[in-house]
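This report concerns only the one structure given below.
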Amino acid sequence: MADTLEFNEIYQEVKGSMNDGRLRLSRQGVIFKNSKTGKVDNIQASELAEGVWRRVALGHGLKLLTKNGHVYKYDGFRESEFDKLSDFFKAHYCLELAEKDLCVKGWNWGTVRFGGQLLSFDIGEQPVFEIPLSNVSQCTTGKNEVTLEFHQNDDAEVSLMEVRFYVPPTQEDGVDPVEAFAQNVLSKADVIQATGDAICIFRELQCLTPRGRYDIRIYPTFLHLHGKTFDYKIPYTTVLRLFLLPHKDQRQMFFVISLDPPIKQGQTRYHFLILLFSKDEDISLTLNMNEEEVEKRFEGRLTKNMSGSLYEMVSRVMKALVNRKITVPGNFQGHSGAQCITCSYKASSGLLYPLERGFIYVHKPPVHIRFDEISFVNFARGTTTTRSFDFEIETKQGTQYTFSSIEREEYGKLFDFVNAKKLNIKNRGLKEGMKQSYDEYADSDEDQHDAYLERMKEEGKIREENANDSSDGSGEETDESFNPGEEDDDVAEEFDSNASASSSSGDGDSDRDDKKPAKKAKIVKDRKPRKKQTESKKGKDPNAPKRPMSAYMLWLNASREKIKSDHPGISITDLSKKAGELWKAMSKEKKEEWDRKAEDARRDYEKAMKEYSKADSHRGERSKKKKKKQEKLVKGKGDKKGTTSKSSSSKSPAKGMSDSFKSKEFVSSDESSSAESKKEDSEDEGAASPPASSEDSASGSD
């Protein structure tokens, strides 16, 4: 038989909520690890008193009772796993795994049994329901009635808040059954009552979450935060972890208390209690206990009289009462020598601390991410400037955390830390130029090459080119709105340096007018050549020879299929990165072979271009001859139109005289005009344009 049994996707019932996790049974005992909080419940084999197997809502469940009265419930088993579990309990724990079914008759009259920390309502020998008394927040009594109130569960959609029991009167003298019922409940319930004096009090401590100044009263079983507006009572059983973190300025300290379940104020939940201390604050502390009680309870971890820094005293007392270790930053050291990184999370600036087993961000909102719940991390380009980058973390549950505005100098240190912790990096190819192998970290800090910075620069160039291309087709509005903060004269100078054509009238206007009209004139002049460029791009001859490929591109086309077969499922970006690695590692002899092929391709291209240019010149001569024929035809049509204009001039001589007087000067000026205007006038066959009619009338008068 195996020494261990492991079960995934098992649910533990805690205060009405079902927390999923992993259950492991071994010779030493039972271990359950909560997937959400990382909390581990460890039950020693010697402490197990009873094991019960029963049918529940999520299949089948296992209930374990310990000798000190604690009850643990685990659901999510399959029916076929009963035999395996039963044999394991017999072999390693010497316990019979009993099968007990719940009563489903629906009766509301029965008997109540108190066993350890469990209240069981039974009908006959079968239990109807069970209530862990640690879930009870308050117990009140009335005439023949007991009311139990429960802690609210934030994770459950529907929470049971109250149960009432009717207790019939008995004939026994001197015993009140209602009070006896209530005392049994209160002895095991999680009811916080500030009875007696506090062990010690820390006054006016600065608290960042929840914000304000609070007096902290330390009681044997809970922590009492007393402020001007709110009070909080925090049982030590709800404390998950303790953190002591140095501030980046080296003058202050954070003391962070992780809570589950969190403390509540209205609809706000505080999963972390964050205290801020100055290193210069000192305190002398005297515990409200005699020396024998201190020695017996704390076993040398605390003494009756203590003195030192305030943050040291608070952390020392909390560690002794909660009985948990204090987590401090590990061996990580940033660019400035601090053990944290300045960054932003959800539009608030804070500090990210890389720990030995996770990351913690303080302070608004505080976040703690364990390494075992991280799916992958990602180093992303900064959204506003290349001087910073973003650090993204995605958990196995799909939650994504983005820590932005991290200084570029921190990149190397953080990358090496993530590599050392063997976390999955999404864009792992970023630092390939720095190291030959990801498993070697010795030279990463000394190497000056930063592949991530080079990639950001390349992306910036591409982004600028895309912006220029989009401005070609979008007109003035794109350039006007690109830099709204720039002054008008700066924009005018920018267009002036790029202008490709100007006229004497435009220069004169720019000298006489103010700056705004000058800017507009230059923008209009600058647009014309740009449009011609785009038109020329569109009219590119498809028959023209294609440019020759470089040696690398020739090799890549020949090797692409081999790389795909060697790395099935590889993406396009990863394929290009891999090809770059292979090309870089290739010997000079092999590269020279591809260089020769590229040189041959270049010669072929030059030869093809000479032939293409000759053919293009022949095509140009033919097009010129065709244009001359068209011009002759247009001229012949113009002569025919002149004869019709003669008849119209004879009918109205006065008008013809005035036209002939004007047309002589007009014809002489028109002869020096461009041929394009003549062509446009002659193409309109429906009606003669004014310049053409005046020319014809002048010839008629002559």
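The values are calculated or read from the model by the stated rules, or taken from the named source; none is laboratory data. None of these values were measured; they are calculated from a predicted model. A quick note on method: Cβ atoms are made from the backbone with ideal geometry, for glycine too, and the neighbour counts reach across all protein chains shown. Ligands, DNA and RNA are excluded from the accessible area calculation, which covers all protein heavy atoms including side chains. Shrake-Rupley method; radii C 1.70, N 1.55, O 1.52, S 1.80 Å.
What is the local net charge at Gly110, summed over the other residues whose Cβ is closer than 12 Å to its Cβ (Lys, Arg +1; Asp, Glu -1)? Walk me through the numbers on the way to the answer.
Details: positive: Lys105, Arg113; negative: Asp122, Glu125.
Within the 12 Å Cβ shell, the charges total 0.
Excluding Ser86 itself, what net charge comes from residues whose Cβ is under 10 Å from its Cβ, given Lys and Arg +1 and Asp and Glu -1?
Numbers: positive: Lys84, Lys90; negative: Glu81, Asp83, Asp87, Glu96, Glu99.
With Lys, Arg at +1 and Asp, Glu at -1, the neighbours total -3.
Surface listing: Val56, Val40, Val146 arranged by accessible area from highest to lowest gives Val40, Val56, Val146, probe 1.4 Å. Rounded to the nearest whole Hz, the Karplus-based 3J(HN,Hα) values (6.51 cos²θ - 1.76 cosθ + 1.60, θ = phi - 60°) of segment 313-319 follow the sequence 5, 5, 5, 5, 5, 5, 5, with x at glycine and proline. For segment 200-327, a crude dipole built from +1 on the beta carbon of Lys and Arg and -1 on the beta carbon of Asp and Glu, taken about the Cα centre, is about 500 debye to the nearest 20.
Stretch Gln206-Glu606 to full length: gain in nm at 0.36 nm per residue minus the Cα-Cα span? All intermediate terms of the calculation are to be shown ahead of the outcome.
Details: separation 400, 0.36 × 400 = 144.00 nm, distance 7.80 nm.
Full extension from Gln206 to Glu606 adds 136.2 nm.
With each label modelled as a point 7 angstrom along the Cα→C-beta vector, the Ala615-Glu6 pair spans 6.9 nm. Put simply, when 617-629, 26-38, 250-262 are sorted by average Cβ atoms within 10 angstrom per residue, most first, you get 250-262, 26-38, 617-629. For Ile425, the amide hydrogen comes within under 5 Å of the amide hydrogens of Val377, counting only partners 5 or more places away or on other chains and with H modelled in the peptide plane. Karplus-based coupling profile of segment 595-602, in residue order and whole Hz: 5, 5, 5, 5, 5, 4, 5, 5, with θ = phi - 60° in 6.51 cos²θ - 1.76 cosθ + 1.60 and x standing for Gly or Pro. When a/c reaches 1.5 or more, the comparison of a/b and b/c decides; with that in mind, is segment 289-333 rounded, prolate or oblate per its Cα gyration tensor? The shape class here is prolate. All other residues whose Cβ lies under 15 angstrom from that of Glu299 are scored, Lys and Arg at +1 and Asp and Glu at -1, for a net of +2.
Could you work out how much longer the chain between His567 and Met161 gets when fully extended? Use 0.36 nm per residue separation minus the Cα distance between them, nm to one decimal. Numbers along the way, then the final one.
Values: separation 406, 0.36 × 406 = 146.16 nm, distance 5.75 nm.
Result: 140.4 nm gained on full extension.
Based on C-alpha pairs under 8 angstrom that are at least 6 apart in sequence, segment 341-421 has a relative contact order of 23 percent. Once backbone amide H atoms are built at 1.01 Å from N, Ser35 has Asp20, Gly21, Arg22 as its partners under 5 Å, excluding neighbours fewer than 5 places away on the same chain.
Roughly how many debye, to the nearest 20, is the charge dipole of segment 18-155 about its Cα centre, given +1 on each Lys and Arg Cβ, -1 on each Asp and Glu Cβ, and no other charges?
320 debye
Taking 0.36 nm per intervening residue step and subtracting the Cα-Cα distance, what contour gain separates Gln152 from Ser120 on full extension?
Values: separation 32, 0.36 × 32 = 11.52 nm, distance 2.08 nm.
Additional length available on full extension: 9.4 nm.
If R0 is taken as 25 Å, the Cβ-Cβ distance between Glu299 and Val328 corresponds to a FRET efficiency of 0.65. Pairs with C-alpha atoms separated by more than 30 Å, drawn from the list Lys346/Lys426; Lys73/Lys421; Lys84/Lys188; Lys546/Lys584; Lys426/Lys562, are Lys73/Lys421; Lys84/Lys188. The listed residues Lys63, Lys39 rank as Lys39, Lys63 when sorted by accessible area, largest first, using a 1.4 Å probe. Remark on Cys103: its backbone amide H falls under 5 Å from those of Val128, a criterion applied only to residues 5 or more positions apart or on other chains, H modelled at 1.01 Å from N.
Normalised by 2.2 N^0.38 Å, where N counts its residues, the alpha-carbon radius of gyration of segment 341-421 equals 1.01.
For segment 198-207, putting each phi into the Karplus relation 6.51 cos²θ - 1.76 cosθ + 1.60 with θ = phi - 60° gives couplings of 6, 5, 7, 10, 10, 9, 6, 8, 7, 10 Hz, in residue order, rounded to whole numbers and with x for Gly and Pro.
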